[in-house]
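The values are calculated or read from the model by the stated rules, or taken from the named source; none is laboratory data. In this text the structure is predicted, and so the values were computed from the model without any measurement. Counting neighbours? That spans all protein chains shown, and the Cβs are built from the backbone with ideal geometry, glycine included.
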Amino acid sequence: MFSKIYSEVKGHGHNVVLLHGWGMHGGLWGKFNELLSKDFQTHTIDLPGFGYSKDVKNNFTLDSMTKVVEQYINDLSRPVSLIGWSLGGLITLNILKRKNIKLENVVFISTTPSFTKKQDWEFAMEQSVFNGFSNDLKADYKKTLKRFLSLQTRGSELSRDELRELNSKLNERGEPNIKALENGLKILSDTDLRRESENKIPAMVILGEKDTLVPLSVKKEFEKMFPDLEKIILEKTGHAPFISNPELCAEKIKNFINE
């Protein structure tokens, strides 16, 4: 077992750290990362249990995964921008909650502070959907991963291309740690980071118009959490807008970081 997570570093200049979503790895960022690295030094991390960090020792809880990312960022020269997609966005929110490190600004892509519905929270998926994924994961995790990817692209007018790209990257860095898959799904299912205190850090949220996991209504919660918030809605896109429209995503984020 290893103690340090894997990260691919590209480009020069301002540090930008990218955190991927559940079941994936840093190689997923693909063309989007290539575009960003022309202006910044990008760090595409493989979270503990995924990709080349499969054998990193970790309990795979939200806090234990967050701590590893904090340690990585703490070793970088300042300033640092952080981009989190889906599960990576929850880790980003948790970093801000813990207040252990200082960030220049943050970008949330297809992220919500709570992925499942609550009595007072309708902007999310039914708990039963995640329960079904959890049960299926034990029987056939490969099939379950592919079904989850299909859910991410459902509704997007570019779904075929997005799904093809996601599937092609899925096992590019080897198979994930099963415990990391199980606990990562539990993080998505159980975490609720709403009603945290206002955060004055500059923030951007990018949402896909056709995203079936994160509805556009979630932007109202982000507005409460971040008074200095820039909102981007990308038309025709699902849960992975940086794959379906990498040029536009990269352009918007470059402008935001350089403000």
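Name the residues in the stretch 70-90 that are surrounded by fewer than 24 Cβ atoms within 10 Å (Cβ to Cβ) and part of a helix (DSSP H, G or I), would you? Matches in the stretch 70-90: Glu70, Gln71, Tyr72, Ile73, Asn74.
When you go through Asn100, Asn105 one by one, which is the residue that is out of contact with any strand residue (DSSP E or B) (no Cβ under 8 Å at 6 or more places or on another chain) and either under 28 Å from Lys231 (Cα atoms) or aromatic (Phe, Trp, Tyr) (or both)? Asn100 is the lone residue from the list that is out of contact with any strand residue (DSSP E or B) (no Cβ under 8 Å at 6 or more places or on another chain) and either under 28 Å from Lys231 (Cα atoms) or aromatic (Phe, Trp, Tyr) (or both). Taking the conditions (1) outside any helix (DSSP H, G or I); (2) under 20 Å from Tyr6 (Cβ atoms); (3) of a type in the set (A, V, I, L, M) in turn, Leu28 satisfies each one other than (1).
With respect to Lys186, determine if the residue is in a helix (DSSP H, G or I) and either in contact (Cβ under 8 Å) with a residue 60 or more places away in the chain or surrounded by 19 or more Cβ atoms within 10 Å (Cβ to Cβ) (or both). Judged against the criteria, Lys186 is not a match.
For the stretch 15-34, the criterion of a residue being over 16 Å from the mean Cα position of the chain (by Cα) and of a type in the set (A, V, I, L, M, F, W, C) is satisfied by no position. In this structure, Ala139 does not qualify as of a type in the set (Gly, Ala, Ser) and in contact with a Lys or Arg (Cβ under 8 Å, 6 or more places away or on another chain).
Each row is one residue, and each column tells you yes or no for (1) of a type outside the set (A, V, I, L, M); (2) modelled with pLDDT under 95.
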{"position": "Ser3", "(1), (2)": "yes, yes"}
{"position": "Glu8", "(1), (2)": "yes, no"}
{"position": "Lys38", "(1), (2)": "yes, no"}
{"position": "Leu47", "(1), (2)": "no, no"}
{"position": "Gln71", "(1), (2)": "yes, no"}
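Does the stretch 205-219 contain any residue that is closer than 18 Å to Leu151 by Cβ and of a type in the set (Asp, Glu)? Yes, some residue in the stretch 205-219 is closer than 18 Å to Leu151 by Cβ and of a type in the set (Asp, Glu). Annotation for the stretch 13-21: no member residue is surrounded by fewer than 24 Cβ atoms within 10 Å (Cβ to Cβ) and over 19 Å from Val106 (Cα atoms).
Yes or no: Ser217 without any contact (Cβ under 8 Å) to a residue 60 or more places away in the chain, of a type in the set (S, T, N, Q), over 19 Å from Leu18 (Cβ atoms) and not in a strand (DSSP E or B)?
Judged against the criteria, Ser217 is not a match.
Among the residues of the stretch 220-248, those that are of a type in the set (A, V, I, L, M, F, W, C) and part of a strand (DSSP E or B) comprise Leu229, Ile232, Ile233, Leu234.
Evaluate the following for Asn177: is it under 17 Å from the mean Cα position of the chain (by Cα), crowded, with 19+ Cβ neighbours inside 10 Å and modelled with pLDDT of 80 or more? So Asn177 does not fit the description; no.
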